[in-house]
Amino acid sequence: MFTVLVANIKGGCGKTTVATHLAAAFAAAGHAAYLADADRQRSSLGWAARRPAGRPPVRALDWTREVGAPPPGIGRLVIDAPAALKGRQIEALVGMADVVVVPVLPGAFDEQATRRFFERLEPLKAVAKGRTPVVVVGNRVRVGTRASGRLGQFVAALGHPVAGSLRDSQFYGDAAAGGLSLFDLPGRRALAVRADWEPVLALVEAAASAPPAPPRATTAASAKPLVWRASDDGGSSGG
Ligand SMILES: Nc1ncnc2c1ncn2[C@@H]1O[C@H](COP(=O)(O)OP(=O)(O)OP(=O)(O)O)[C@@H](O)[C@H]1O
Ligand SMILES: [Mg+2]
């Protein structure tokens, strides 16, 4: 199971939007696509429940209480992480992932939180050794604004592959409401917005076609089932 973790400790930066889009893109490409929702807000579970019959299927996994195991077999699993992530939780989720996708919004507060997230992410062995690549995606970008210029500089300085940016578009809200993605929407305008995803998908596919990593060592953090406690709920807003 090729596993993509979508995470950032900043609330509202587009984790669920990116996770649902990746799952829908994988489904549209013919993969057995799974979307695990590890956030008690249940946004990805709601999206999957609204997804109309007849669309490329995305199987939803409820990881809101406890992180499960990736389904057996060949396919693509996308994990939608909560914003409120503690060190051990980040370690356990990154331990399952073949690639980590980090959405970042323009703005000083978003940059500050994202920097803190990278301070936790980068010391993890799989990331430090380059076994688990980290891909940064600018989100809700308005081309030509000062904010998007600053975001470009910020993400470039993080020193990880940058998958371009996703423009701010009403299509995302429309798609979310209907259990859909840009990959499901017809029309030339949706197609133009969908082009933003090409570099994101290219970097994810590069990770998918990389030679398989040696089996992961079981760490203390990954040996125990990861149960979200009630106290883990806070801080998942802020978007
Ligand atoms: N590129 C975009 N253009 C327009 N709206 C967007 C875009 N990306 C996300 N949004 C909207 O921004 C809001 C927050 O996005 P989303 O729920 O994906 O963030 P999140 O990081 O999952 O939030 P949380 O931390 O609460 O889980 C949603 O209403 C979503 O539709
Ligand atoms: Mg979310």
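The values are calculated or read from the model by the stated rules, or taken from the named source; none is laboratory data. Predicted model, so just to flag it, every value in this text is computed and none were measured. Positions of Cβ are backbone-derived with ideal geometry, glycine not excepted, and every protein chain shown enters the neighbour counts.
Taken over segment 32-44, the residue count meeting the criterion of being surrounded by fewer than 21 Cβ atoms within 10 Å (Cβ to Cβ) and among the hydrophobic types (A, V, I, L, M, F, W, C) is 1. Listed by position, the strands (runs of 3 or more DSSP E) inside segment 1-104 whose residues that are away from ligand 2 (no atom under 16 Å from the Cβ) and hydroxyl-bearing (S, T, Y) number at least 2 form an empty set. Note on segment 17-37: residues that are under 15 Å from P71 (Cα atoms) and either modelled with pLDDT under 95 or within 15 Å of the chain's Cα centre (by Cα) (or both) total 6. Taking segment 116-152 as the range and being more than 18 Å from R167 (Cβ to Cβ), part of a helix (DSSP H, G or I) and free of Cβ contacts under 8 Å to residues at least 12 places away in the same chain as the test, the residues that pass are E119, K125, A128.
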